[in-house]
Every structure is written in C-alpha cells, then in structure tokens.
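Asks: Below is a structure I'd like to ask you about.
The values are calculated or read from the model by the stated rules, or taken from the named source; none is laboratory data. Every value quoted in this text rests on a predicted model; they were computed, and no experiment measured them. In this analysis, Cβ positions are derived from the backbone assuming ideal geometry, glycine residues included, and neighbour counts consider all displayed protein chains. Areas reflect the complete protein model, heavy atoms only, side chains present, ligands, DNA and RNA absent. Shrake-Rupley method; radii C 1.70, N 1.55, O 1.52, S 1.80 Å.
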Amino acid sequence: MSVEKVLVVDDDLLGREYLSETLTRNGYEVTSACDGLQALASVSKDGYDLVFLDMKMPGICGMEVLEKIKTISPETVVVLMTAYGTIETAVEAMKKGAYDYIIKPFSPDQVELVIARINERQQLIVENKYWRSNSNIDEKMNSVFTKNSKMFQIYEQIKKIAQSKASVLVQGESGTGKELVARAIHFHSHRYERPFIRVNCAALTETLLESELFGHERGAYTGAISKHVGRFELANEGTLLLDEISEISPNIQAKLLRVLEEEEFERVGGEKTIKIDVRIVATTNRDLVEEIQKGTFREDLYYRLNVVPICLPPLRERREDIPLLVNYYLKKYSLENNTIAKSMDTETMDYLCQYHWPGNVRELKNVIQRAVVMNFPNGLQLEQFNDLFIHHDTKKSEGLLTDGKAIEDVERDLIYSTLEKTNGNKTRAAELLKITTRTLRNKLNKYDAADRCSHQRETISCVK
C-alpha cells in the first residue's frame, strides 16, 4: 500500500548517491541505476513501488524510459527529476504517466513530501476499490426490522461491543445474516470511515487464501508478476470479515493466530514485518467446538476469535419477523423492477410463516424476488409459491403431492434433471436452481446416503 522499494535513476554520480542516501536514511529499500537501459533492466527484474527518474541522460532520455516503465510495470509510480524544468515538459510527462515532477536541486523534505502524497494517493485508490461501494449504512442495516426478543438482544449487543477492538465470532446457519451483523458492528464503531474488507475463506485454495490475506512480493511464486497487497493491509484501521472461518487449513490457522496475537505479519516471499491495526469479525455456519474435537480447528485460535460470541437464530425460530421481511422485500423488489407491489392474501402469508425456511432470510429474499420478477397478474397466491420453493419440509407441506409425487421426490428429480442438462457441472446447476453450490452438494450427499440405506435394507431383506 505504501512506498517501500525505490529505484533512483541518474547519470550524475553525486546526485544519485545524494538521493539514494536520503531515501535509505528514511527507511526505504533503494537501488540505483546510472542510465535508462540499466533502469529498464532493474524494473523488469525486480519491480519497484517508486522510480525517481532523471530527465536528461545519455542514450535513452528520461521521457522514453518513462513510457517503457509504464508498459513494463503500470503500477510503478514515476517521479521525473530535472534541472531544466518547463511547464510544457511537465504537462507532457504527466500525459505519459508520470505522477510528479521535481526540480533539481531539491531538499530531503521535498522528497518526503512527494512520497507522502504518493502514499495518500495509493490509500485512496485502495479505499475506492474496497470500501466506497459498501458505504451505504442504511442499506446494510435494512434487516434490523424485528419483533423477536433474541434479535433485539443481538442488536443491543452490537451497539455495546462496536467501539471495542475485541474479535467477534458470529455463528449461525447459512442465510441468517452473519455478514450483515459484521457490517453493523463496523458501521457502529469509530472505524466506520475506514475500510470494511471481506474475504470468503471457503472460496479459495490455501495458496490463494494466504496471498489474499497477507499479500505477496513480486516473484514469491510462479505467476506473482507484481507485488500484491493483502486484505489485512487493506483493512488497516478498519474491519476485516473472515467469512466461513472454519474452512481454513491448519497452516493458515497458525499464521492467522500470530497476526491476531502480535498484530504483525510478512507478505508471502517478503522479509519486512508489517504492523496493522485491524478489527476481526469471523463467521461460520459450523459448530467450531465440534471441529476442535475432530482436530480440524485450533483451540487457541477459537478462543482468540471467540472473545465476543454472537449466535444468530434461524428464521424458523423468529417467525414473527417473517411478515415484516416479506413486506420489506415486496416493496424493495417492486421498486427495483418498476412494478406495483403485489398483494398477498392471509392464507399465503400464513403458509410463508409456517414454512421451515432452511435457507433462512436469504431463501425468503430469493423467493420474494422471483415472485415479483415473474409478475403474477392476480397477485401472490399460495399455489404460485409452491412452484418457487426448492425446499419443502415444513409440517404444513409434509405429504404435499404434485402430479402424484411427494414434493421431496419432485425436488430430487428437478436437481438430477438440471445436473443432466449441465453435464454434471454442479456450479452451473446450482445457479439454475437458485441455490448455493454447498446446498446442492449437501442434497446430493443426502440422496446418496438415502440410496445406500435403501440398498442395505433391501440386502438384509433378501438375506432374511
């Protein structure tokens, strides 16, 4: 994020040594080059955060070297140096990609001022990418409408713990709103003007996750063609959400524990220790105590994360909130799709309140959105919702038949037929079914287990 490696390019030996010594004294890693060809070779080989480039040099001039550097390493910041500065030259240099222009002779204070501006610019770039799109506090808090006493207690707990730096572990089934709780903690804290960064631990391999969390230096591994700033650095002075924390490997668990305890780390392939100030919120839909007993999760990491535990109830345990959420999403998606909010009769609302909602608020949101998009002309009625659900295991829907088949059998047929259409591609099938890949995988495992049990029963019956 900030300037670390600097290349000084100047054909004047005294000028080159003066600037190199000034930068080294201020803690930067400095390399020097005496001409354009040597500079381009260094940039191609090592990569730099910043290049101080002399305008007038024998052979390749500074302007040409600038163009080539921006082609080789677009992310490298270039500051031109000259004793013969003109407005026209400065404008031309900016058009070709130079960040700034400094007139010789210059003082150490002028150099530090330039670097300070560069660091500020880099920070703004990072925040624009990872934070600005998440700055609508009201939208992030739209699910706080509740009549449930447990949810009220959780919201009060969020307000109390937000100002502390204590790590928070949010547990709950998929779709209960764990990420919303993490965002609420961030936006209620004094860190709300700093970045809120999220990383999905379940979506990345161990190598990619390590790089995403801690960053890497150029050349750290095959394909690392430039320096990469990790999520811990991006979240500095803000909040880092570690989503699905139970999915990380033992190796990453050990490195994460060190960061939590010492608030420092090194990038992959790097030697410089980086200090950070980050509030950690971790989420999981698994029982981490069980994972500890299985030996898949470190007990010391669990206690470091579980300083403040928050357990979100599933939607079936807060049925009084279902009408509030239904009406909210009806209005939201009707507005988004430029349609009139649909009416819903009492029988249909009762059915939604009795439904088991295994996908929780995420499933309810999905179902209402699809209902609005399908634009039923006579409003939302019970039979229309039967076609929208993938899950049907409530008491009210038990035994419900469609064309002579139980709903569970219809669901199974639908999943297998969709997999057949996608040639076994589970990710694509899950997208078509409007469910997560994990839900699809769990259902397939359930079907396999049921088939094995059925086969065992048949075998026992034959033996008898």
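Asks: Could you bin all the Cα-Cα distances of segment 21-119 into 5 Å bins starting at 0 and give me the percent of pairs in each, rounded to whole numbers?
Replies: Reading upward from the zero bin: 2, 12, 25, 27, 22, 10, 1.
Asks: Can I ask one more? Karplus couplings for segment 288-296 from phi (6.51 cos²θ - 1.76 cosθ + 1.60, θ = phi - 60°), rounded to Hz, Gly and Pro as x?
Replies: Computed from phi, the couplings for segment 288-296 are 5, 5, 5, 5, 5, 5, 6, x, 9 Hz.
Asks: A further question follows. With all protein chains present, calculate the accessible area of residue 18 using a 1.4 Å probe and round the result to the nearest 10 Å².
Replies: 100 Å²
Asks: On to the next question. May I ask you to list the aspartates and glutamates whose Cα is less than 20 Å away from that of residue 96, ignoring any residue fewer than eight positions away on the same chain?
Replies: Partners found: 10, 35, 49, 54, 64, 67, 75, 88.
Asks: Also: Under unit Cβ charges (Lys, Arg +1; Asp, Glu -1), what dipole magnitude, rounded to 20 debye, does segment 1-82 have relative to its Cα centre? Spell out each step's value before the answer.
Replies: Numbers: 7 positive and 14 negative charges, 23 e Å.
Charge dipole, segment 1-82, about its Cα centre: 120 debye, nearest 20.
Asks: Report the net charge of residues surrounding residue 422, where surrounding means a beta-carbon distance below 12 angstrom and charges are Lys +1, Arg +1, Asp -1, Glu -1. Spell out each step's value before the answer.
Replies: Details: positive: 421, 426, 428; negative: 420, 431.
That works out to +1.
Asks: Out of segment 1-100, which GluC sites (Glu not before Pro) are coil in DSSP terms and have no more than 13 other C-beta atoms within 10 Å? Before the final figure, lay out each step's value.
Replies: Details: sites: 4, 17, 21, 29, 64, 67, 75, 88, 92; in loops: 4, 75.
Taking segment 1-100 and a limit of 13 other Cβ atoms within 10 Å, the loop GluC sites (Glu not before Pro) found are 75.
Asks: Among 189, 174, 154, whose Cα sits farthest toward the positive end of the charge dipole of segment 147-192 (+1 at Cβ of Lys/Arg, -1 at Cβ of Asp/Glu, about the Cα centre)?
Replies: Among 189, 174, 154, the one farthest towards the positive end of the dipole of segment 147-192 is 189.
Asks: Could you give each residue of segment 409-419 its phi-based ³J(HN,Hα) in whole Hz, using Karplus coefficients 6.51, -1.76, 1.60 with θ = phi - 60°, and x for Gly or Pro?
Replies: Karplus values, whole Hz, x for Gly and Pro: 5, 4, 4, 5, 4, 5, 5, 5, 5, 5, 4.
Asks: Compare 262, 291 by solvent-accessible area with a 1.4 Å probe and give them largest first, with all protein chains kept in place.
Replies: The most accessible residue leads, giving 262, 291.
Asks: Carbon-plus-sulfur fraction of the accessible area of segment 247-359, 1.4 Å probe, in percent? Numbers along the way, then the final one.
Replies: Values: 2620 of 5500 Å².
Here carbon and sulfur together make up 48 percent of the probe-accessible area.
Asks: Would you mind calculating the gained length between residue 109 and residue 237 on full extension (0.36 nm times residue separation, minus the Cα-Cα distance), in nm to one decimal? Could you put the intermediate results ahead of the total?
Replies: Working: separation 128, 0.36 × 128 = 46.08 nm, distance 2.69 nm.
Gain in length upon complete extension: 43.4 nm.
Asks: Once the piece of chain linking residue 160 and residue 317 is laid out straight, how much longer is it, given 0.36 nm per residue of separation minus the C-alpha distance between them? Show your work: numbers first, answer last.
Replies: Values: separation 157, 0.36 × 157 = 56.52 nm, distance 2.41 nm.
Between residue 160 and residue 317, full extension yields an extra 54.1 nm.
Asks: For a quick check: with amide H placed at 1.01 Å from N, whose amide H comes under 5 Å from residue 51's, ignoring anything fewer than 5 positions away on the same chain?
Replies: Distant-sequence amide H within range of residue 51: 7, 77, 78, 79.
Asks: List, in order, the whole-Hz ³J(HN,Hα) value for each residue of segment 4-15 obtained from phi through the Karplus relation with A = 6.51, B = -1.76, C = 1.60 and θ = phi - 60°; use x for Gly and Pro.
Replies: Once θ is set to phi - 60°, the couplings for segment 4-15 become 10, 9, 10, 10, 9, 10, 7, 7, 8, 4, 5, x Hz.
Asks: While we're on this one: Return the long-range amide H neighbours of residue 198 (sequence gap of 5 or more, or a different chain), with a cut-off of under 5 Å between placed amide H atoms.
Replies: Close amide H contacts, sequence-distant or interchain: 241.
Asks: Check residue 33: other-chain or 5+ apart residues with amide H under 5 Å from its amide H, H built from backbone geometry?
Replies: 8, 9, 10
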